[in-house]
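**Q** Here it is, the structure, as structure tokens.
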Amino acid sequence: MIEIIFQNYEDASNLHKALQLHLSSEAYKNILLFEDRHIAKVSINSLSNDTLRAIKKAFYEFITYTKRDDWLRAIIAEHYYYEDPEEQQQILDIIHSILEGKREELEIFFKDTNLETTLIHAMDLIFRENLSFSFDSFVKFRLRPFLDLLEKYVQVSIDEYKMEQEYQIFINTLRKYLEMKPSKISHLHLLIDEGITFFDEQYDEIKRGELARMIDRKLLFNHPVYVDSATIAPLLSIAPATIFLYTEEPDQPLIRTIVNIFEERVSIKPVSDLNGQNSIIPFTDEEN
């Protein structure tokens, strides 16, 4: 028999539901859920090897899909003082995206860690050593390494959240600047390949010296860190009504920033579309 004691009836009920998903109907009949003097118990009778494996799987999923987010929210609120539910959810979304492998740039912070392995190791110890145990004691003593890892995920995700907030403020500031700026060129062609090249409406290259003279110096003064003087500053200063952006890598960060600032003004095209315009792409020294 296995008996798991909970201080919180909702936790006991959630584990009971998880067990129902993994156990056969016959095995599930041997599971009892009841309250006794301010505690709740999940009692499992008549264990076989298959039943024990199913119980461990249900327990793993109960922690991973029910308790993990509860603990993450508690860390976010109690350790980092983000108490607004919407902010908490945005930070949680970043954590989930890391766990799902969608934030490759952040994986370096977790290359020597594994939440799944840490949890399974703690479970193996408790299920091997105890037939009756307190869930809250298990969390406090056995899951300490797991909770420490969760805090690391929260810390990295909050740093990322702050950067994203700063980036969004930066984007909104430049959008407002753009709304007030008259266009110096109606249509601008921008090639982002191995380098960055500007062309006017007639597909004549705009040289770097001319671009530098067009730049609004207030932009660089007010946003010295964020505004790229080679690309973003000239684009904002020219404020074209339409930007035809030619690239083979539309997902690179610079292009995402241009699209975020200029929104519907940007039309992304393959480099081959530009190649057909009277061979305007500049020759390299070798080609000359």
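The values are calculated or read from the model by the stated rules, or taken from the named source; none is laboratory data. A quick note: this is a predicted structure, and the numbers were derived from the prediction, not measured. Ideal geometry is used to build each Cβ from the backbone, glycine not excepted, and the neighbour counts take in all protein chains shown.
**Q** From THR66, THR51, which residue is touching a residue at least 24 places away in the same chain (Cβ under 8 Å) and within 17 Å of ILE126 (Cα to Cα)?
**A** THR51
**Q** Looking at the range 150-180, which of the residues that are within 28 Å of ILE238 (Cβ to Cβ), of a type in the set (D, E, K, R) and out of contact with any helix residue (DSSP H, G or I) (no Cβ under 7 Å at 6 or more places or on another chain) is surrounded by the fewest Cβ atoms within 10 Å (Cβ to Cβ)?
**A** Here the answer is GLU179.
**Q** Based on what the data block shows, is ASP84 under 9 Å from the mean Cα position of the chain (by Cα) and among the acidic types (Asp, Glu)?
**A** Criteria not met by ASP84.
**Q** Could I ask something else about it? Quick one: which residue in ALA27, ALA18 is touching a helix residue (DSSP H, G or I) at 6+ places or on another chain (Cβ under 6 Å) and either surrounded by fewer than 16 Cβ atoms within 10 Å (Cβ to Cβ) or at pLDDT below 85 (or both)?
**A** Matching residue, one of ALA27, ALA18: ALA27.
**Q** Could you go through the range 261-277 and let me know if any residue there is among the β-branched types (Val, Ile, Thr) and within 18 Å of ILE215 (Cα to Cα).
**A** Yes, some residue in the range 261-277 is among the β-branched types (Val, Ile, Thr) and within 18 Å of ILE215 (Cα to Cα).
**Q** What residue, among those in the range 127-147 that are assigned to a helix (DSSP H, G or I) and more than 18 Å from ASN8 (Cβ to Cβ), is farthest from the chain's Cα centre (by Cα)?
**A** GLU129
**Q** Take the conditions in contact with a helix residue (DSSP H, G or I) (Cβ under 8 Å, 6 or more places away or on another chain), among the polar types (S, T, N, Q) and either exposed (fewer than 15 other Cβ atoms within 10 Å of the Cβ) or over 30 Å from LEU47 (Cα atoms) (or both) and apply them to SER132. Does it pass?
**A** So SER132 does not fit the description; no.
**Q** Oh, and also: For LEU150, state whether it is under 29 Å from LEU106 (Cα atoms), touching a Lys or Arg at 6+ places or on another chain (Cβ under 9 Å) and assigned to a helix (DSSP H, G or I).
**A** Considered against the rule, which asks whether it is under 29 Å from LEU106 (Cα atoms), touching a Lys or Arg at 6+ places or on another chain (Cβ under 9 Å) and assigned to a helix (DSSP H, G or I), LEU150 comes out as yes.
**Q** I'd like the full set of residues that are in a helix (DSSP H, G or I), basic (Lys, Arg) and within 13 Å of ASP11 (Cβ to Cβ), limited to the range 25-67.
**A** The answer is LYS67, and nothing else.
**Q** Return yes or no: is LEU99 crowded, with 17+ Cβ neighbours inside 10 Å and touching a residue at least 24 places away in the same chain (Cβ under 8 Å)?
**A** Considered against the rule, which asks whether it is crowded, with 17+ Cβ neighbours inside 10 Å and touching a residue at least 24 places away in the same chain (Cβ under 8 Å), LEU99 comes out as no.
**Q** All but one of (1) surrounded by 18 or more Cβ atoms within 10 Å (Cβ to Cβ); (2) without any contact (Cβ under 8 Å) to a residue 24 or more places away in the chain; (3) closer than 16 Å to ASP70 by Cα hold for ILE126; which doesn't?
**A** Condition not satisfied by ILE126: (3).
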